[in-house]
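Working notes, beginning with the structure itself.
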Amino acid sequence: MLSVGTTRSRALAKSLPDVRMNAPVISIRVLPDEVTVTYQQANSYKMISSSFAILAIPLTTARCIEFNPPLPYTYQKMIHELSYGAVTKVLIEYRKRFWDEKNWNGRLVTDAPIVYTWHATSHVQNEHGILTVYTGGDPGAKLAALSDEARIRVAVAEIEKIFPGSSDIIEHTATVAWPNDPYTRGSYAALAPGEVTAHWKTLFEPAGRLFFAGEHASPIQGFMEGAVESGQHVAKNIISSS
């Protein structure tokens, strides 16, 4: 099953004239009059040039890109220092919504290894139901270090401790650990002490013809709304400078 975010992303991609999938960027060359991007598809390296470029990826992933010539020092420092959260998610589908029988709404905030849960299908009329186990911070980093199977076992076991017998009615499970994804390498920006004053201004300013967009480049950090607004901000700046 595709997530809502994935479905929307694919719908957006269909509306664009040129989308190149499975094409990780290897290097970016920012020149006074253009930007050249080198990317890889299968075993081939290809280049594309444009008047401007927007780097709409997490800065954790930007650390894997070679910038030649190197970006100004403040941008290098921002890319390599901006902190990101460590979040994992486990989805557990149960054949019946046992929490209704307990007069429980599906939400937990706990010091157990899973930290937080909620009922993800409260808007759907069905006998089955899905609990989301959402874990960040140090507990999230610890769960991310586990295999997918082990992470699911931990989540199931912790809920079983609180609601004995719940594990007997599990239908399906799924999990993601964003620190392990090669295209995110973290969750959302989580600026540490000192990083706001050090990098906030740089986030909103282009490095020549290279602009930055994403949830990290927005006052509404950590949410899709902020990512969209950052893209709108960059688009206006490019249009006004063209």
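Listing for the model above:
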quantity	calculated
The chain - charge dipole about Cα centre, Lys and Arg +1 at Cβ, Asp and Glu -1, debye rounded to 20	360
All-pairs alpha carbon distance profile, segment 1-141, 5 Å steps from 0, percent	2, 7, 12, 13, 13, 12, 11, 9, 8, 6, 4, 2, 0, 0
Range of Cα positions in segment 1-82 per principal axis (Å), largest first	43, 28, 26
For Val176, Val109, order by how many other beta-carbon atoms lie within 10 Å, fewest first	Val109, Val176
Lys201-Thr36 FRET efficiency (beta carbon distance; Förster radius 22 Å; 0.05 resolution)	0.25
GNM top mover of Pro113, Pro24, Pro72 - the chain, alpha-carbon springs below 10 Å	Pro72
Summed side-chain charge close to Leu82 - residues other than Leu82 whose Cβ falls under 15 Å, Lys, Arg +1, Asp, Glu -1	0
Cα centroid separation - segment 1-61 against segment 135-189, whole Å	30
Percent of alpha-carbon pairs separated by more than 19 Å within segment 130-193	38
Projected label distance in nm at Asp111 and Ile170, using a 7 Å step from Cα toward the beta-carbon	2.6
Ratio Rg/Rh, restricted to segment 133-242 and using Cα atoms, in which Rh is the Kirkwood radius	1.14
Choice from Leu12, Leu203, Leu191 showing the highest fluctuation, given a GNM over the chain with Cα pairs closer than 10 Å	Leu12
Potential lengthening between Lys161 and Ala11 on full extension [0.36 nm per residue; Cα-Cα distance subtracted]	49.9 nm
Residue pairs, from the table Lys14/Lys201; Lys77/Lys201; Lys89/Lys161; Lys201/Lys236, whose Cα atoms sit over 22 Å apart	Lys14/Lys201
Theoretical ellipticity at 222 nm over the chain - DSSP helices of four or more residues, -39500 (n - 2.57) apiece, nearest 500	-9500 deg cm²/dmol
Relative contact order %, segment 64-210, counting alpha carbon pairs below 8 Å whose residues are six or more apart	34
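Bear in mind these aren't lab numbers, they're just calculated from the coordinates by the rules spelled out. From a predicted model like this one, the values you see are computed outputs, not experimental measurements. Positions of Cβ are generated from backbone atoms using ideal geometry, with glycine treated the same way; all protein chains shown enter the neighbour counts.
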